[in-house]
Amino acid sequence: MRSRQGITELFATFLQFDADRVIGWATDARLRRNITNRQQKLSEPENSEDFWVSYWYKEWQSQKQNLASGHLSAYLQEVCYWAANKTATHFSSGQFTLSDCFQAIVTKTDKVLQGFKPDMGFNIKNYASAIFSSELKELLRQQKEVDISTDWRLLRKVTQKRLVESLENAGLNPQNVQSYVLAWKSYQALYAPRKEKGTRKLSRPDDAVWESIANLYNQERQTQLAQPGPESNAETIEKCLIASAKAIRAYLYPNMASLNATTGDNSGEFQDILPQLRQDSLLSEIVVQEEIEERKSQQSQISDVLIAAINELDKEGQNILKCYYQGNKKQSQIAKELGVKQYTISRRLTKCKDTLLIKLATWTKESMHISLDSSVLDYMSTVLEEWLQNYYKPENVN
Amino acid sequence: MTTDLETLSINNPTNLWLEIPENQQTNIWEKSQAFSTDNRRWMAYLNNLSLKTFLPWFKEEYAQNAKVFPNSATLPSIWEVTNGTGISFNGKKLVLIPSEALDISELRVPQEWVDIPNWSADYYLAVQVNVEESYIRIWGYTSQANLKNKGTYDANEKAYCLDKQHLISNLSILSIAAQLCPEEITKTETATLAELSTTQADNLITRLGNSQLINPRQAIPFPMWGALLENGAWRQGLYEQRQGMSRQWSIRQWMQNGVSEAARQFGWAAVDLRPSFEGSRGTAAPAQLPTLIRKITISGAEYELLVKPKGEIQNRTWRFELRPATVGEMIPVGVKLMLLTEDLQPFDGNQAQAKKPVERLYVDIALGEDEEGLVWKTEPVSDDYDYEALYL
């Protein structure tokens, strides 16, 4: 994969795959025009990557309905690619190609943008990488389990939220979605495995159970549905649940073709780029510049804080972190080498990470004046994990 | 096929992954049988697996004093009607909310765990259970305040729902946040529930106790439902009725047939103590009536709660007595034993309090013709306490 050169490429091109191979970068004309447009409005062309990340992120935050998310999505293509690459090699059973993995998670860019907290000083690539990998692993794990479960078992293994999304994705109207959900609830209330294990092959409920599911549905529809709709019977209820299971599976395996158009060139409609007042853009230019300087120094300070914190851990702790992240060793392996039980390693590892998190959070609070709460801490813990992986990457270690 | 838990945990290192104790799964399944439907049985099983896996870990890592809320014996009565398992620790409470959903996209907390004042918790933990691969995974948690602020209420389901992005994915933060940002608000006030009379409660239990009614929690308005459940005696009554069991808490029956299995779960037993107590009378009682006894712990000290008829059972006069489990120990000043009606109302002569250290406290009560339910209680409240009614 060729790395991209220049701002226009970085923020306006998307990876192209042929089967499982990257064949190059494709430019999104609309995004390219947008960048040219914006560059012209600046006092002089801006070639700093960080500048444009901040710039688009700010714009994304302010309006949401603009091209900013497209630019950031373009920017995060490599991160997404490497996350897919790493995960596909390590975890996928081979059923999914690199391209599949990439396509499946590139759609999570919105999640990255929503979760990203620029004030925390970590750069967006770190955060994106953490989110992309965990989303992909989650997805692969789900697919694996879904593949070996019968429809009847699968129907007990979704959240209501996911069911609704799947049904909407399958094109059901809101009223139908409601009645399908009620059918699903009635099913869950009356059919469950009857043994403690070996339940993946859960078979179809027998006719009597279908009768009772239909009965329950018919009672509940009076109070639970905005429009009670027609009475159901065993047969229609069963059809409805089979369709739901199908929708759930389909939703988990998105149609790759439809995902290729990440931003889509909306039939040559470019008028949404409104000329801004020159003053405005100059002002935001300065603000963005100042922020970048600040962020850069924050990022290196954060690293200093974390490295210092690692060095303050006792030797055993440092050793475990190193084995775990750098040697990519399993806890059980580390335990063997150090002659202790595996749970000791897992516990030490958690304690070490907690210590680092506490130090980082305390520093952030004191030096960056960020008020802490659980969600800020959670964010830090996510990025810390990614930071550790990078820090101990063989190429970063002498 | 068993999956290496470690491989799984590498997949998401901020979540907590715990192995279900190997030899326990079958055992837990066998103990999760007394429920009205396959679904309730299955949900009870998932709750029990979560509890038995999580609690030992939590005690070891976080809070030695952590224990089941309100107590283990009462769990079936909760699981029969709703999802979730309470754990109290350090004056706080958390609730495990198990689910088998593969997509961890939302947490649904039944309203009972949020809006029943006594049950309302500080934290709710999203637990993914995988029975095939024998592990549980705590994939996130939320404080009650966050659940109420950021979550939505599903009126059909009577549940508070919170999207994944609003959950905290790393359980370590539970204690780190308490340390670094103690000012963070985790809990808000709960609204008060309806007040139910004994008659109302009896009617509700009869109606909702029909196991053909699949969703009793959705059949009546929440303030009434919450009030019915908060009272452990009524909740137990509802549970027993839904199992088609006859009344398990009739003292008259205990006297004849021995203490019921249900009550034994709560720690009740019958012992023959009469001779030593009634000795002064000198007349050997023709029918040896047993004394009912239950061990309780108050402020770290062991006690016995005794219930026995005074004289003939036909007299319908009963003594409730509290005494230290160890002979020679005294009940300290201030400890109180009291009896309440089923709807938790006090009445004349319903209590006895230690004004000086005493060997025992007792309340004698003469009842009318009809069988009546009485709820016992102590102050300070005994450990693992939940309202429990005896029918005399």
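The values are calculated or read from the model by the stated rules, or taken from the named source; none is laboratory data. Bear in mind the structure is a predicted one, so any value in this text is a computation, not a measurement. Note: ideal-geometry Cβ built from the backbone for every residue, glycine included; neighbour counts use all protein chains shown.
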Inset, instruction - Return the total of residues in the stretch B:155-178 being closer than 23 Å to A:ALA226 by Cβ, assigned to a strand (DSSP E or B) and more than 8 Å from chain A (Cβ to nearest Cβ). - result: 2
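Quick one: in the stretch B:220-263, of everything that is of a type in the set (A, V, I, L, M), outside any helix (DSSP H, G or I) and modelled with pLDDT of 90 or more, which residue is surrounded by the fewest Cβ atoms within 10 Å (Cβ to Cβ)?
Out of the qualifying residues, it is B:ILE220.
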Inset, instruction - Scan (1) more than 7 Å from chain A (Cβ to nearest Cβ); (2) assigned to a helix (DSSP H, G or I) for the single condition B:THR192 breaks and write down its number. - result: (2)
Inset, instruction - Mind listing whichever residues of the stretch A:304-341 are under 29 Å from the mean Cα position of the chain (by Cα) and outside any helix (DSSP H, G or I)? - result: A:GLY327, A:ASN328, A:LYS329, A:LYS330
Inset, instruction - Pick out, from the stretch B:1-115, the strands (runs of 3 or more DSSP E) lying fully within it that include 3 or more residues that are more than 23 Å from B:GLU261 (Cα to Cα). - result: B:16-19, B:85-89, B:92-99, B:106-110
Inset, instruction - Name every residue in the stretch A:19-66 that is in contact (Cβ under 8 Å) with a residue 40 or more places away in the chain and either at positive phi or not assigned by TED's automatic domain parsing to the domain that holds A:VAL112 (or both), in order of residue number. - result: A:ALA19
Inset, instruction - Taking only the stretch A:156-189 into account, find how many residues are of a type in the set (A, V, I, L, M, F, W, C) and part of a loop (DSSP other than H, G, I, E, B). - result: 3
Inset, instruction - Please tell me if A:VAL158 is β-branched (Val, Ile, Thr) and either touching a residue at least 24 places away in the same chain (Cβ under 8 Å) or surrounded by fewer than 18 Cβ atoms within 10 Å (Cβ to Cβ) (or both). - result: yes
Inset, instruction - Can you tell me which residue among A:THR364, A:THR382, A:THR344 is touching a residue at least 12 places away in the same chain (Cβ under 8 Å), more than 9 Å from chain B (Cβ to nearest Cβ), among the hydroxyl-bearing types (Ser, Thr, Tyr) and under 29 Å from B:CYS181 (Cα atoms)? - result: A:THR364
Inset, instruction - Could you please find all residues in the stretch A:214-228 being more than 10 Å from every other protein chain (Cβ to nearest Cβ) and surrounded by 14 or more Cβ atoms within 10 Å (Cβ to Cβ)? - result: A:ALA214, A:TYR217, A:ASN218, A:ARG221, A:PRO228
Inset, instruction - Filter the stretch A:139-159 down to the residues that are within 20 Å of A:LYS111 (Cα to Cα) and at the interface with chain B (Cβ under 7 Å from one of its Cβ atoms), then identify the one that is modelled with the lowest pLDDT. - result: A:ARG141
Legend entry - Checking A:PHE122 against (1) over 20 Å from the mean Cα position of the chain (by Cα); (2) more than 9 Å from chain B (Cβ to nearest Cβ); (3) not acidic (Asp, Glu); (4) not in a helix (DSSP H, G or I), the condition it does not meet: (1)
Legend entry - Residues (buried (at least 23 other Cβ atoms within 10 Å of the Cβ) and of a type in the set (Gly, Ala, Ser)) located in the stretch B:128-142: B:GLY140
Legend entry - Condition met for A:LEU357 (within 8 Å of chain B (Cβ to nearest Cβ) and either modelled with pLDDT of 95 or more or in contact with a Ser or Thr (Cβ under 6 Å, 6 or more places away or on another chain) (or both)): yes
Inset, instruction - Tell me which of these B:ASN146 doesn't satisfy, since it passes every other one: (1) part of a helix (DSSP H, G or I); (2) more than 12 Å from chain A (Cβ to nearest Cβ); (3) of a type outside the set (A, V, I, L, M, F, W, C). - result: (2)
Legend entry - Within the stretch A:342-391, considering residues that are more than 23 Å from the chain's Cα centre (by Cα) and part of a loop (DSSP other than H, G, I, E, B), the one surrounded by the most Cβ atoms within 10 Å (Cβ to Cβ): A:LEU372
Inset, instruction - Could you please give the count of residues in the stretch B:195-219 that are more than 14 Å from every other protein chain (Cβ to nearest Cβ) and in a loop (DSSP other than H, G, I, E, B)? - result: 4
